[in-house]
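Asks: Below is the structure I would like to discuss, written out as structure tokens.
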Amino acid sequence: MTAAGSPTAAEKRLRTAAVAAASFLADRTGVAAAFLAGSVVDGYGNPSSDIDVLVLADGDTPTSTAPHGHSFRFEDCLVEVCHYGGERLDVETRSLAGFRGVVTRVNGLPLTQQGAVTLDEFTLQFLHQLRCGRDLCGSSVLADLRTQIEWPRVAELIRLRRESDYAGHAEDAAGAIQAEDAATALLTSRRALGSAMDCLIAALGHTNSKEKWRYRKLADLGRDDLIERCLRLECDADTSPQAILAGARRRLVAAQGLVTEAGQIQ
């Protein structure tokens, strides 16, 4: 809401999406719960961001009935892309029973890098969407699921996964620096720094695993000092090979510091 009490542009979009989703789901049977999610709900979206509608079905995921879009399946999820009232809705439907199995599996994973890397990004994103989603129906079902999920464990699994990503990128960057391959050192050291930032963000409890929002998440966490520092590290004004290699070395040193800081957070 704005200071005057009128709804923001994002809020207006979410209200329109809620009406559209209700219309879309009206002819569906077996819907146990549904909620709005995505970057607009998180407060990160822009006017071109679509809005996600997540649906949990009592039985198997249904066949597509979208009259104004197309659909496809990704693993156990049916994805339907639709347009209502000028809004693009990505409707993702999976079975409630299947998702309960995901919850049980996540709660039982060992807190190790080996355990963390078995979680795919699609599952991590769905977990965060559930955590922060705006309920449309089946609030009691959603509340029960949110209570069952150990959110600190989810954040720690993301941290461990990003730590593993960091290690791979840092190794690549170190090799490129040694070989004086400036372009590869530039790319891989940036990836190492990004993974290290994501590692720290997860250590601070954030469960949004999408890389593109890392600076927005740092702002949420009040880490403006880190935003300025990392932006400077990521931007190379001098494109000479020597300067690029020196910048890559600085990124690796900074990245190692962030990973160490993340590992010390309890």
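The values are calculated or read from the model by the stated rules, or taken from the named source; none is laboratory data. Since we're looking at a predicted model, the values are computed, not measured. We place every Cβ from the backbone using ideal geometry, glycine too, and count neighbours over all the protein chains shown. Calculation scope for accessible area: heavy atoms of the full protein, side chains included, ligands and nucleic acids excluded. Shrake-Rupley method; radii C 1.70, N 1.55, O 1.52, S 1.80 Å.
Asks: What ranking, highest mean first, results for peptides 199-206, 82-89 when packing means the other Cβ atoms within 10 Å averaged over each residue?
Replies: 199-206, 82-89
Asks: Separate question: What whole-number value in cubic angstrom gives the convex hull volume per residue for the C-alpha atoms of segment 84-179? Mind dumping the intermediate values first?
Replies: Numbers: hull volume 13.2 nm³, N = 96.
Here the figure is 137 Å³ per residue.
Asks: How much mean residue ellipticity at 222 nm does the chain get from its helices, if each DSSP H run of length 4 or more adds -39500 (n - 2.57) and you divide by all residues, to the nearest 500 deg cm²/dmol? Show your work: numbers first, answer last.
Replies: Details: 11 runs with 152 residues, N = 266.
Only helices count here, giving -18500 deg cm²/dmol.
Asks: So, one more: Placing unit charges on C-beta atoms (Lys and Arg positive, Asp and Glu negative, everything else neutral), compute the dipole magnitude of the chain about its Cα centre in debye, rounded to 20. Present the calculation step by step, with values, prior to reporting the outcome.
Replies: On the way: 29 positive and 35 negative charges, 88 e Å.
For the chain, the charge dipole is close to 420 debye.
Asks: Then there is this: Tell me, what is the Rg over Rh of segment 10-124, with Rh the Kirkwood radius over Cα pairs?
Replies: 1.01
Asks: Debye calculation, C-alpha points only, no solvent: report log10 I(q)/I(0) for segment 143-231 at q = 0.10, 0.11, 0.14, 0.22 Å⁻¹, in the same order as the q values.
Replies: -0.31, -0.36, -0.55, -1.02
Asks: Set Lys and Arg Cβ to +1 and Asp and Glu Cβ to -1, take the dipole of the chain about its Cα centre, and tell me which of ALA183, GLY59, LEU14 lies farthest positive.
Replies: Working it through, the farthest residue towards the positive pole turns out to be LEU14.
Asks: In segment 199-243, with Lys and Arg counted as +1 and Asp and Glu as -1 at Cβ, which of these residues, CYS230, PRO241, CYS199, has the Cα nearest the positive end of the dipole, that is, farthest along it?
Replies: With unit charges placed on the Cβ atoms, the residue in question is CYS199.
Asks: I've got another one for you. Just how far, in whole angstrom, is segment 219-266 from segment 1-56 if you go by their alpha carbon centroids?
Replies: Taking the Cα centre of each part, segment 1-56 and segment 219-266 sit 35 Å apart.
Asks: Rounded to whole Å and ordered largest first, report the semi-axes of the equivalent ellipsoid of the chain derived from its Cα gyration tensor (root of 5λ).
Replies: 37, 22, 17
Asks: What is the percent carbon and sulfur in the accessible area of the chain, measuring with a 1.4 Å probe over the protein chains and ignoring ligands?
Replies: That fraction is 52 percent.
Asks: Please compute one quarter of the surface area of the Cα convex hull for segment 187-266 and express it in square nanometres.
Replies: If I average the Cα hull's projected area over directions, I get 5.1 nm².
Asks: I need the P(r) histogram for segment 141-183: all alpha carbon pairs, bin width 5 Å from 0 out to the longest distance, whole percents.
Replies: 6, 19, 14, 12, 11, 9, 9, 6, 6, 5, 3, 0
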